[in-house]
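Engineer: This structure is in structure tokens; I'll ask about it shortly.
The values are calculated or read from the model by the stated rules, or taken from the named source; none is laboratory data. Predicted, not measured: the structure shown is a model, and the values here were computed from it. Neighbour counts run over all protein chains shown; Cβ positions are idealised from the backbone, glycine included. Surface areas here come from the heavy atoms of the whole protein model, side chains and all, with no ligands, DNA or RNA. Shrake-Rupley method; radii C 1.70, N 1.55, O 1.52, S 1.80 Å.
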Amino acid sequence: FTKEDETYHPMPDHTLVWGNYWKSILINEMYFPADSIKTVGQIRTDVIPKLKGNNKRNFFSEQSNYNHTLVFASQLQPDLVLKRQSAEDVFKAVSKLESTLLVVKMHPRENEMDYYVNIANSLGFSNYIVEKEMDLYKVIAACDGLITCYSTVGGEAVYFDKPLVILDHLKLDYCGYYQEGVAKRAINAMELEQILEEMIANKFVIDTDNYEAFKRNYAYKIDGKVSNRCLDFIKSFE
């Protein structure tokens with residue numbers, strides 16, 4: 001029933017979901033019949049296998065001067081002190097790394113590129129670019145690892161099998177990346193630098209079992225066939 005008109009809206013006969021986590025939510029918390037739900041994956045991930053197969057470092061024009069590329073996925077943090085601290089810590093950490101470019105991938109709802117430019121200038125940090133328009137998946141595909149605080153982009157880095165580190169000053173692990181074993185955690189610039197050094201030295205070992213479990217829970221399969229599964233299911237009723 002809706003509060004507005006007290007009209008009964010029947011439960012759908014069939015629901016397609018991204019992964020096992022979402023299926024569990026619908027069954028256990030929304031009381032959907034288990035046999036009405038089919039797990040198919042996220043359609044947007046269909047491009048990932050192709051992008052992973054064409055992972056070219058020269059995607060960034062500035063890359064020619066660097067051997068490594070790291071991405072910082074920023075976000076709309078309500079705590080402006082922590083937002084600035086996060087940017088400062090990332091810039092400080094990356095500034096200590098040799099031959100490494102940082103790509104600040106702005107959240108779509110962030111508009112002030114000068115915010116990051118001004119912070120970088122105040123720290124004397126120069127080996128970076130700030131991007132908003134580049135396709136997110138192409139950026140992830142071309143990087144050596146990703147840094148974020150609690151952006152959903154972290155999960156998408158896992159879909160690409162990229163090393164992930166969260167900068168988590170308060171140890172809150174909002175998205176559960178650390179708890180689920182798909183991210184390492186740093187609480188300050190010093191810890192972040194140590195983890196990033198492992199990344200660019202290829203000593204950052206991801207837990208493949210945890211990565212695969214994460215994919216099953218939130219995206220089912222990253223195989224480029226989600227659209228086909230959706231279409232096949234729909235056509236089965238013709």
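Engineer: Does any residue of the range 99-110 turn out to be at pLDDT 95 or above, part of a helix (DSSP H, G or I) and either within 20 Å of Tyr66 (Cβ to Cβ) or open to solvent by 70 Å² or more (accessible area, probe 1.4 Å) (or both)?
Structural biologist: Taking every residue of the range 99-110 in turn, none turns out to be at pLDDT 95 or above, part of a helix (DSSP H, G or I) and either within 20 Å of Tyr66 (Cβ to Cβ) or open to solvent by 70 Å² or more (accessible area, probe 1.4 Å) (or both).
Engineer: Restricting the search to the range 15-41, which residues are of a type in the set (Ser, Thr, Tyr) and surrounded by 17 or more Cβ atoms within 10 Å (Cβ to Cβ)?
Structural biologist: Filtering the range 15-41 down to residues of a type in the set (Ser, Thr, Tyr) leaves 15, 21, 24, 31, 36, 39.
Thr39, the sole residue that qualifies.
Engineer: Something else about it: Restricting the range 62-91 to residues that are modelled with pLDDT under 95 and in a helix (DSSP H, G or I), which is nearest to Val130 (Cα to Cα)?
Structural biologist: Taking the candidates together, the pick is Glu62.
Engineer: From Val139, Val94, Val165, which residue is within 16 Å of His68 (Cβ to Cβ), at pLDDT below 95, not in a loop (DSSP other than H, G, I, E, B) and not basic (Lys, Arg)? Steps first, answer last, please.
Structural biologist: Working: Val94 fails: at pLDDT below 95; Val165 fails: at pLDDT below 95.
Step by step, each of Val139, Val94, Val165 is checked, and only Val139 is within 16 Å of His68 (Cβ to Cβ), at pLDDT below 95, not in a loop (DSSP other than H, G, I, E, B) and not basic (Lys, Arg).
Engineer: Give the residue, chosen from Asp135, Asp144, Asp168, that is without any contact (Cβ under 8 Å) to a residue 24 or more places away in the chain and open to solvent by less than 40 Å² (accessible area, probe 1.4 Å). If you could, list the steps in order and put the result at the bottom.
Structural biologist: Working: Asp135 fails: open to solvent by less than 40 Å² (accessible area, probe 1.4 Å); Asp144 fails: without any contact (Cβ under 8 Å) to a residue 24 or more places away in the chain.
Result: Asp168 is the single residue among Asp135, Asp144, Asp168 that is without any contact (Cβ under 8 Å) to a residue 24 or more places away in the chain and open to solvent by less than 40 Å² (accessible area, probe 1.4 Å).
Engineer: Give the range 171-191 a look and list any residue that's in contact with a Lys or Arg (Cβ under 6 Å, 6 or more places away or on another chain) and open to solvent by less than 60 Å² (accessible area, probe 1.4 Å), or say none.
Structural biologist: Scanning the range 171-191 gives a single hit, Ala189.
Engineer: Looking at Tyr220 and the list (1) more than 17 Å from the chain's Cα centre (by Cα); (2) surrounded by 15 or more Cβ atoms within 10 Å (Cβ to Cβ); (3) in a loop (DSSP other than H, G, I, E, B), which single condition is not satisfied?
Structural biologist: Result: Tyr220 passes all but (1).
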